[in-house]
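Okay, structure first, notes after.
Nothing in this text is a laboratory measurement; each read-out follows from the coordinates by a stated rule. Since we're looking at a predicted model, the values are computed, not measured. Don't worry about glycine lacking a Cβ; one is built from the backbone with ideal geometry, like all the others, and counts go over all protein chains shown.
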Amino acid sequence: MSRTTFMVAMTGVVLVAGAAGCALGLLAAPASGKELRRRLAWRAEEELRGASRAGRAFVGRAVTRATEELARQQARFHETTAG
């Protein structure tokens, strides 16, 4: 398994575990049904925002690495064709 695949999998596991733990904690806490649904909705939105930030950061790093690799390959190509 590549490091990138591992990191994506671990991010997913952390997000799912966090959401499940939050939901179970809220379900065990004394609150009305309306209040519980409001809390769950708020927490789900927070998790979604966090996942979105993590996804944007991941894509940004991937684009940077791909751009750097492309530049290296172009330089290598020019070295081999110029010589």
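Here are some notes:
- Normalising by residue count, the chain has a Cα convex hull of 70 Å³ per residue.
- Gain in span if fully extended, Ala62 to Trp42, counting 0.36 nm per residue against the direct Cα distance: 4.2 nm
- Estimated FRET transfer efficiency when R0 is 41 angstrom, pair Ala23-Leu70 (beta carbons, to 0.05): 0.45
- Distance from the alpha carbon centroid of the range 51-83 to that of the range 1-48 works out to 33 angstrom.
- Simple label model, 7 Å out from Cα along Cβ direction - Thr80 to Leu15, nm: 3.8 nm
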